[in-house]
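**Q** First the structure, then my questions, so here it is.
The values are calculated or read from the model by the stated rules, or taken from the named source; none is laboratory data. Note that the structure is a prediction, hence the values are computed from the model and not measured. No Cβ is skipped: glycine too gets one built from the backbone with ideal geometry, and neighbour counts run over all protein chains shown.
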Amino acid sequence: MSLFVNTFFEERLQDLLSLAARVKEAFGTAGIEYRVVGGLAAYLYVEEVEADAGRLTKDIDILVRREDLPRIAEAAETVGLEYRQTAGVDMLVQKGKPSARPAVHMIFDQRGLNGGRTLQGIPVVSLADLVTMKLTSFRIKDEMRVKDLDEQGLITPDLEAGLSPLLLEHLAQVRARD
């Protein structure tokens, strides 16, 4: 009897974590500070509480300083990535595979890269900053990430106390959906 196992999720997760490790290596060697935001950050927070409860993402979003961009482009080359700007989005793509889907998308930070933590060896933004970003963007995929975080008890009353009235309204809308 043959047994078929769908390993797509595990393979895709390994690809993302491998890409994150390449970024960490390149940026660490070059002394470039960054934080992972977006879907991968939400996944890592959720997985820390409940293994196998995270929702996978297609790419990696990182928060960086705009003034580091020349150093970022140079450091990325050392790990087989190259800098591209497409449709106004700054990203690092794998050499020979210029697709934006499995890429590292850069978001430029205006306030400074303060706080955050390390999850599975990856520097991520603080949970409060992540929730604020997701509730501010408030696209369907952001709502799903907020729902995942909330279902694991990560959006606490203390975290809620730091949200603006508009973001509290967005959170209430997420909670009202099935």
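**Q** Considering each of Thr29, Thr7 in turn, give the residue that is among the polar types (S, T, N, Q) and either within 17 Å of Pro123 (Cα to Cα) or not assigned by TED's automatic domain parsing to the domain that holds Gly121 (or both).
**A** Checking each option against the conditions leaves just Thr29.
**Q** Do the conditions hold for Thr86, that is, is it at pLDDT below 95, crowded, with 17+ Cβ neighbours inside 10 Å and not hydrophobic (A, V, I, L, M, F, W, C)? It would help to see each step written out before you state the result.
**A** On the way: at pLDDT below 95: yes; crowded, with 17+ Cβ neighbours inside 10 Å: no; not hydrophobic (A, V, I, L, M, F, W, C): yes.
In short, no.
**Q** Spot the failing condition for Asp142; the list is (1) surrounded by 14 or more Cβ atoms within 10 Å (Cβ to Cβ); (2) acidic (Asp, Glu); (3) more than 27 Å from Gln14 (Cα to Cα); (4) not assigned by TED's automatic domain parsing to the domain that holds Gly54, and only one is missed.
**A** (3)
**Q** Restricting to the stretch 9-45, and then to whatever is touching a Phe, Trp or Tyr at 6+ places or on another chain (Cβ under 9 Å) and surrounded by fewer than 18 Cβ atoms within 10 Å (Cβ to Cβ), can you tell me which residue is farthest from Ala76 (Cα to Cα)?
**A** Applying the filter and picking the extreme gives Leu13.
**Q** Could you grab me the full set of residues in the stretch 82-127 that are within 17 Å of Tyr34 (Cα to Cα) and among the small types (Gly, Ala, Ser)?
**A** Listed by number, the residues that qualify are Ala103, Gly112, Gly115, Gly116, Gly121, Ser126.
**Q** Spot the failing condition for Glu48; the list is (1) out of contact with any strand residue (DSSP E or B) (no Cβ under 7 Å at 6 or more places or on another chain); (2) under 17 Å from Leu119 (Cα atoms); (3) surrounded by fewer than 20 Cβ atoms within 10 Å (Cβ to Cβ), and only one is missed.
**A** Just one mismatch for Glu48, condition (1).
**Q** If you go through the stretch 98-116 one residue at a time, do you hit one that is buried (at least 18 other Cβ atoms within 10 Å of the Cβ) and charged (D, E, K, R)?
**A** For the stretch 98-116, residues buried (at least 18 other Cβ atoms within 10 Å of the Cβ) and charged (D, E, K, R): present.
**Q** Among the helices (runs of 4 or more DSSP H) lying completely within the stretch 1-91, list those that include at least 2 residues that are free of Cβ contacts under 8 Å to residues at least 40 places away in the same chain and among the small types (Gly, Ala, Ser).
**A** In the stretch 1-91, the matching helices (runs of 4 or more DSSP H) lie at 8-30.
**Q** Does Lys147 satisfy being of a type in the set (Lys, Arg) and at pLDDT 95 or above?
**A** For Lys147, the condition - of a type in the set (Lys, Arg) and at pLDDT 95 or above - is met.
**Q** Restricting to the stretch 51-75, and then to whatever is of a type in the set (A, V, I, L, M) and surrounded by fewer than 16 Cβ atoms within 10 Å (Cβ to Cβ), can you tell me which residue is nearest to the chain's Cα centre (by Cα)?
**A** The qualifying residue nearest to the chain's Cα centre (by Cα) is Leu56.
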